[in-house]
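**Student:** Here's a structure for you.
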Amino acid sequence: MARSGPGLRATKKARTREAISDAATALFRDHGFEHVTVADIAEAADVSIKTVFNYFSTKEDLFFDRADELIDGLVRTIEQRPAGMSVTQAIHRLLRDNMVPFAGAGWRGLRDPDGYERYRGFVATEHAAAALRARRLVIAEAWTGRLAAVVASELGLREGDQRAEVLAAMLVGAMGARERTLAAAVLDRRSPAAVQRRVRAVVDEAFDRIGRAFGDIDTGRRSG
């Protein structure tokens, strides 16, 4: 009799999580975040309410289901940046070269009409729900704390050094400005090229200023 090993169980859990997330995203987009219940999501995903909460602590977490993946990617971008590249330069490049801050994602998703509309629906859903806008602020605060610890370690500063705390806050602030620029352009149905130009302009402006402000400590990764 075949047994389901750890790999098979992990794959099944990942598929269940994705199915729940996909069902929630579709319902939020079609009906609005505040008009969808966890029971609705469970029914659409063909799971129990308890199963939904086994994977997601809150309804807001179902919307921001990739938040942990995003911060993990930001941390990797900092820790694995090439020799000679500063923290600021690494995050700058990531946010300039990709519509969503996943390395290698690029801007191609925005050039696909269906992809554009799906993303626009995601943005519109968030903007219509005060609970989601508030949740984004909570996520940003958590990201600031984690990035501050990574920045301090990478720049050889002690834990809790105010310079690392401020740099992390500036990085997250710049990401917020970028997100607002991207969202506004997409909601206005600007062309993919125009959206990309606007986002790159605000990213370049923000990170040029951050780089100059912290150039005394963020001097680039040493080789080895």
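**Student:** Using r as the Cβ-Cβ distance of residue 40 and residue 10, and R0 as 22 Å, what FRET efficiency do you calculate, to the nearest 0.05?
**Tutor:** 0.20
**Student:** Please work out the FRET efficiency for the pair residue 149 and residue 105, using the Cβ-Cβ distance as r and a Förster radius of 25 Å; give the result to the nearest 0.05.
**Tutor:** 0.50
**Student:** What net charge is computed for the residues neighbouring residue 44, neighbours being all others with C-beta under 14 Å from the C-beta of residue 44, Lys and Arg scored +1, Asp and Glu -1?
**Tutor:** Details: positive: 29, 59; negative: 18, 22, 30, 40, 43, 46.
The answer is -4.
**Student:** Ok, one more. Would you mind getting me the FRET efficiency between residue 85 and residue 138? Use the beta-carbon distance for r and R0 = 25 Å, nearest 0.05.
**Tutor:** Computed FRET efficiency for residue 85 and residue 138 comes out at 0.25.
**Student:** Calculate the dipole size of region 67-213 relative to its Cα centre from +1 charges on Lys and Arg beta carbons and -1 charges on Asp and Glu beta carbons; express the result in debye to the nearest 20.
**Tutor:** So the dipole magnitude of region 67-213 works out to roughly 500 debye.
**Student:** At 0.36 nm per residue, and after removing the present C-alpha to C-alpha distance, how many nm does the segment from residue 180 to residue 51 gain when stretched out fully?
**Tutor:** Contour length minus the Cα-Cα distance gives 43.1 nm.
**Student:** Give the relative contact order (percent, whole number) for the chain; include only Cα pairs under 8 Å separated by 6+ residues.
**Tutor:** Result for the chain is 23 percent.
**Student:** Can you grab the distance from the C-alpha centre of region 91-108 to the C-alpha centre of region 50-88, Å, no decimals?
**Tutor:** Each part reduced to its Cα centre gives a spacing of 14 Å.
**Student:** First select every other residue whose beta carbon is under 12 angstrom from the beta carbon of residue 207; then total the charges, Lys and Arg +1, Asp and Glu -1.
**Tutor:** Computed value for this residue: +2.
**Student:** What are the ³J(HN,Hα) values, in whole Hz, obtained from phi via the Karplus relation 6.51 cos²θ - 1.76 cosθ + 1.60 with θ = phi - 60°, for each residue of region 190-195 in sequence order, with x given for Gly and Pro?
**Tutor:** Calculated HN-Hα couplings, in order: 5, 5, x, 5, 5, 4 Hz.
**Student:** Evaluate the distance, in nm, between pseudo-label points positioned 7 Å from the Cα of residue 19 and of residue 131 along their respective Cα→Cβ axes.
**Tutor:** Result: 2.4 nm between the two label points.
**Student:** How much net charge surrounds residue 173 when only the other residues with a Cβ under 12 Å from the Cβ of residue 173 are counted, with Lys and Arg +1 and Asp and Glu -1? Intermediate values should be presented prior to the final figure.
**Tutor:** Details: positive: 178, 180, 209; negative: 141, 179.
So the surrounding residues net to +1.
**Student:** Ok, one more. Under the Karplus relation 6.51 cos²θ - 1.76 cosθ + 1.60, θ = phi - 60°, what is the ordered set of whole-Hz ³J(HN,Hα) values for region 47-54, x standing for Gly and Pro?
**Tutor:** Calculated HN-Hα couplings, in order: 9, 7, 4, 4, 5, 4, 6, 5 Hz.
**Student:** OK, next. Using only Cα atoms, find the angle between the long axis of helix 6-31 and the longest principal axis of the chain, and express it within 0 to 90 degrees, rounded to the nearest 10.
**Tutor:** Value to nearest ten degrees: 80.
**Student:** Ordered by residue, what ³J(HN,Hα) values in Hz, to whole numbers, does region 110-119 give under the Karplus form 6.51 cos²θ - 1.76 cosθ + 1.60, where θ = phi - 60° and Gly and Pro are x?
**Tutor:** Computed from phi, the couplings for region 110-119 are 6, 7, 8, x, 5, x, 4, 5, 5, 5 Hz.
**Student:** OK, next. Take region 67-213, compute every pairwise Cα distance, and split them into 10 Å bins from 0; I just need the percent in each bin.
**Tutor:** 11, 40, 35, 12, 1
Each value in this text was obtained by applying a stated rule to the coordinates, not by laboratory testing. Since we're looking at a predicted model, the values are computed, not measured. Heads up, the Cβs are rebuilt from the backbone with ideal geometry, glycines too, and the neighbour counts pull from every protein chain shown.
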